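A quick write-up on the structure given underneath.
The values are calculated or read from the model by the stated rules, or taken from the named source; none is laboratory data. This is a predicted model, so every value here is computed, not measured. Virtual Cβ from ideal backbone geometry, glycine too; neighbours counted across all protein chains shown.
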Amino acid sequence: MAILKAALDRAWAGDCDKPMLMTGSKKPSTLALFEAAGFEPSKTGLQARRLPARTG
């Protein structure tokens, strides 16, 4: 928890107006930890992945 709060403090001090945290976890305990640190669920994150080249 302290590390998340320290990261937010640095982001605010650096004039960041919207620090973001991404997780693949759906565990309620994990999400509760992030929320307790000051993050809140909001928009959907999207990603594209490059598949590794096939060998063989």
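Quick notes
- In segment 21-35, the residues that are outside any helix (DSSP H, G or I), surrounded by 10 or more Cβ atoms within 10 Å (Cβ to Cβ) and in contact (Cβ under 8 Å) with a residue 12 or more places away in the chain: Leu21
- Taking the criterion of being closer than 16 Å to Ile3 by Cβ and modelled with pLDDT under 90, the only residue of segment 23-46 that qualifies is Thr23.
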